[in-house]
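> The following block contains the structure, expressed as structure tokens.
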Amino acid sequence: MTSASDTGLLAPGWAGSPAADATDDRAWLRALLDAEAALTRAQAGLGLAPAGAAAAVTGAADPARFDPRSLAERARGGGNPVIPLVADLTEAVGEEYGPYVHRGATSQDIMDTATMLVAARTLDLLLPDLARTERALGRLAAEHRDTAMPGRTLTQHAVPTTFGLKAAGWRTLVLDARDRITAVRAALPAQLGGAAGTLAAFGAYGAEDATALPGAYARELGLAAPLLPWHTLRTPIADLAGCLAFAAGALGKIAADVLTLSRTETGEVAEGSGGGSSAMPHKANPVRSTLIAAAARRAPQLAATLYGCLTAEDERPAGAWHAEWEPLRDLLRLTGSAARDAAELTEGLRVRPDVMRAHLGLTHGLIVSERLSAELAPVLGRARAKALLTELARRAWAEDRDLGDLLAEAPELKDVDLGELTDPARYTGSAGALTDRALERR
């Protein structure tokens, strides 16, 4: 049974995505059951439970046997879904081995461990999409290494740049996101501490060295072994918040640029397959970029909530870890789905070098005024060069003429070769070399 909150009716960014499937109620239920079964197996491996108990709990921990809606409704009684799940799982295991279900653990052990499992499984889906995006951007950067276009600062034309350098910058952000997520994914820890993080109950159940159990538990789950129980030491959650919010923002930067460059008035790039409008048949909206931008706008606030949960009192807090579940799920969904959309966006992006070249002339040649000021100062003197360019810039706009033509009419420049100096495509600085340098990163 899928709950209504999981259909994504108001969330087209993640609806139907792999990240949505990896974080829905069934996925979370599976993680909770995996955490419970692994705990019994770990104890059996250390001689703290019979092998039959490990087999029985693992066999009973089938998500199809449990009703998420019923668990959700009963979770209100104890404040988390682990309590009713343990009751149902114990009943499913049966009288002989039921006492070994959840033995020695606290609800937060299972909930936190399940959260790490859900996060790990979602990140494992997200990283290949980042790899697709990185490869697509690498191809674009190499292909357009020398494709000149206007550089824009504070929304206005500044000096020329290249699309290759822009794409290389996007790729660098994606690689930054990949590296952060990869590091966090490798460090996601299991959680096991018992009622107050002392492992006391496991000693009471016969463990000679209860500190060996968290490592065995982590190995059963493919998670990192925790140095300490982290019930109120929420570094893993904060690290997830940081890397996911950064990734959403990095992809959001790409989307913001594509949205700007694909405006009707600009048209320097276009999404490969735009979305339609309900009212205007002619439109091909940049839907992929729009959905990525929406995710990037929500991610910082979700991360802020998770950072706020760092201030968790005592050995287990009331409300702090409970407040993490929904924003973390939303953040995983949004960022995972944004990565999927970014891969589709960059693989299909259409670049229009001819439009970029035409736009270099929109300011009547003034886009190279910085270069002209530097090059003409030794010829005319700094003050005269500045005065001449100021006057000719005014005339270029007033007379709707190109600055190069006006410069050619200046008697004092009759011996100066103005052709290269006034060509915007020849004033891209070290853009090509910077692009090459960026593409060396793997």
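> When only Cα pairs under 8 Å and 6 or more residues apart are kept, what is the percent relative contact order across the chain? Intermediate results must be reported in sequence, preceding the final value.
Numbers: 685 pairs, mean separation 83.7, N = 442.
Answer for the chain is 19 percent.
> How large is log10 I(q)/I(0) at q = 0.08, 0.12, 0.13 Å⁻¹ when the Debye formula is applied to the Cα atoms of the chain, each weighted equally and without solvent?
With no solvent term, the Cα-only Debye profile gives -0.60, -0.98, -1.08.
> Sticking with this one: Taking each full run of DSSP H in the chain as one helix, which ones are at least 27 Å long along their axis (Cα atoms) and have mean Kyte-Doolittle hydropathy of at least -1.0?
On the way: long enough: 25-45 (30 Å, -0.08); 107-143 (54 Å, 0.20); 163-187 (37 Å, 0.24); 235-261 (39 Å, 1.36); 287-308 (32 Å, 0.46); 325-348 (35 Å, -0.43).
The answer, listed by residue number, is 25-45, 107-143, 163-187, 235-261, 287-308, 325-348.
> Obtain the nm distance between the two label points defined at residue 196 and residue 400 by a simple spin-label model: each point lies 7 Å from its Cα along the Cα-to-C-beta direction.
So the label points at residue 196 and residue 400 sit 8.4 nm apart.
> Okay, moving on. Using the Karplus curve 6.51 cos²θ - 1.76 cosθ + 1.60 with θ = phi - 60°, what ³J(HN,Hα) values do you get for each residue of segment 416-429, in whole Hz, with x for Gly and Pro?
Couplings: 9, 6, 8, x, 5, 5, 9, 8, x, 5, 9, 10, 10, x Hz.
> Starting at the first residue of segment 351-365, write each ³J(HN,Hα) from the Karplus equation 6.51 cos²θ - 1.76 cosθ + 1.60 with θ = phi - 60°, in whole Hz, x for Gly and Pro.
My calculation for segment 351-365 gives 10, 10, x, 5, 5, 4, 5, 4, 5, 4, x, 5, 9, 6, x Hz in order.
> Residue farthest toward the positive end of the dipole of the chain, with Cβ of Lys/Arg at +1 and Asp/Glu at -1: which of 56, 39, 431?
Of the listed residues, the answer is 431.
> Sticking with this structure for a sec: Could you rank 230, 397 by how accessible they are, 1.4 Å probe, largest area first? Don't jump to the answer; show the numbers that get you there.
Working: 230 10, 397 140 Å².
Solvent-accessible surface, decreasing: 397, 230.
> Near the amide H of residue 158, under 5 Å away, which other amide H atoms are found, from residues 5 or more places off or on another chain, if H is placed in the peptide plane?
151, 152, 153
> Would you mind working out the magnitude of the charge dipole of segment 52-139 relative to its Cα centre, with +1 at each Lys and Arg C-beta and -1 at each Asp and Glu C-beta, to the nearest 20 Debye?
Details: 9 positive and 12 negative charges, 92 e Å.
That gives a dipole near 440 debye.
> Something else: Cβ neighbours within 10 Å, averaged per peptide: list 198-210, 56-68 in order, most packed at the top. Intermediate results must be reported in sequence, preceding the final value.
Details: 198-210: 15.5, 56-68: 17.5.
Averaged packing, sorted descending, gives the order 56-68, 198-210.
> Roughly how big is the chain's charge dipole about its Cα centre, with Cβ charges of +1 (Lys, Arg) and -1 (Asp, Glu), in debye to the nearest 20? Walk me through the numbers on the way to the answer.
Values: 46 positive and 55 negative charges, 164 e Å.
That gives the chain a dipole magnitude of about 780 debye.
The values are calculated or read from the model by the stated rules, or taken from the named source; none is laboratory data. Note that the coordinates shown come from a computational prediction; the quantities given were computed from them, not determined experimentally. No Cβ is skipped: glycine too gets one built from the backbone with ideal geometry, and neighbour counts run over all protein chains shown. Accessible surface is based on the protein model in full, side chains and every heavy atom, while ligands, DNA and RNA are left aside. Shrake-Rupley method; radii C 1.70, N 1.55, O 1.52, S 1.80 Å.
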